[in-house]
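**Student:** Following this message is one structure expressed as structure tokens.
Taken together, the values in this text are just the output of simple stated rules run on the coordinates, not laboratory data. Since the structure is predicted, the reported quantities are computational estimates derived from the model, not experimental observations. Quick reminder, even Gly has a Cβ in these numbers, built from the backbone with ideal geometry, and neighbours come from all protein chains shown.
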Amino acid sequence: MTEKHIISTKNAPQAIGTYSQAVKVQNTVYLSGQIPLDPTSMEIVEGDMETHIIQVFENLKAVCQASGGDLNNIVKLNIFLTDLAHFTLVNEVMSRYFDQPYPARAAVGVAALPKGVGVEMDGILVVDA
């Protein structure tokens, strides 16, 4: 049976349910969804949608680093938005965090997200074994 390694860091919000921040199997890391929670206060960050998107990327970055990689190791990124009008803003902010070649990606419009936020992201990254 393949061994699972749980990834956890205090630099990202702690899991608020029955899940781990990330799970590593061999050299693949599966990132749980991140919303714009401040990892220290565990409260939604104050600010506009851009601020929320930035916090989500910061949370993802922290978990990627805890797994031995960084955002550029993400091979698949999933973005969930309650308003697809923010799609362009996600692209703009994402360009600050990722270098080309960009990961494969999906952006999905959803009716609701945890804690009433407007954005959540998860992904898969590949790191050195």
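**Student:** Alpha carbons only, please: Rg and Dmax for the stretch 1-112, in angstrom.
**Tutor:** Spelled out, the Cα radius of gyration and Dmax of the stretch 1-112 are 14.0, 45 Å.
**Student:** Shifting gears a bit: Using θ = phi - 60° and the Karplus relation 6.51 cos²θ - 1.76 cosθ + 1.60, list the HN-Hα couplings for the stretch 89-104 in order, rounded to whole Hz, with x at every Gly or Pro.
**Tutor:** In residue order, the calculated couplings are 5, 4, 4, 5, 5, 4, 5, 7, 9, 10, 9, 6, x, 6, x, 5 Hz.
**Student:** While we're here: Under 13 Å from the Cβ of Ile53, count the other residues' Cβ atoms, weight Lys and Arg +1, Asp and Glu -1, and hand me the total.
**Tutor:** Result for the local shell: -4.
**Student:** Go through the stretch 1-71 and name the GluC sites (Glu not before Pro) that are in a DSSP coil and have 15 or fewer other Cβ atoms within 10 Å of their Cβ. Intermediate results must be reported in sequence, preceding the final value.
**Tutor:** On the way: sites: Glu3, Glu43, Glu46, Glu50, Glu58; in loops: Glu3, Glu43, Glu46.
Here the sparse-neighbourhood loop sites are Glu3, Glu43, Glu46.
**Student:** So what are the ³J(HN,Hα) numbers for the stretch 26-37, from phi and the Karplus equation (6.51, -1.76, 1.60; θ = phi - 60°), rounded to whole Hz, Gly and Pro as x?
**Tutor:** Each residue of the stretch 26-37 in turn: 6, 10, 10, 10, 9, 8, 6, x, 10, 10, x, 8 Hz.
**Student:** Still on this structure, I have one more. At 222 nm, what value in deg cm²/dmol follows for the chain if DSSP H runs of at least 4 each add -39500 (n - 2.57) and the sum is divided by all its residues, to the nearest 500?
**Tutor:** Estimated from H runs of four or more residues: -7500 deg cm²/dmol.
**Student:** Taking Cα pairs under 8 Å and at least six residues apart, what relative contact order does the chain come out at, in percent? Can you show the working numbers first?
**Tutor:** Working: 254 pairs, mean separation 39.3, N = 129.
30 percent.
**Student:** Please figure out what share of the DSSP beta bridges in the chain is antiparallel and state it in percent, rounded to the nearest 5.
**Tutor:** Bridges in the chain are about 80 percent antiparallel.
**Student:** Shifting gears a bit: When the chain is modelled as a GNM with alpha-carbon springs shorter than 10 Å, which of Gln65, Gln21, Gln55 fluctuates the most?
**Tutor:** Gln65
**Student:** OK, next. Starting from the amide H of Tyr102, placed 1.01 Å from N in the peptide plane, find each other amide H under 5 Å away whose residue is 5 or more places distant or on another chain.
**Tutor:** none
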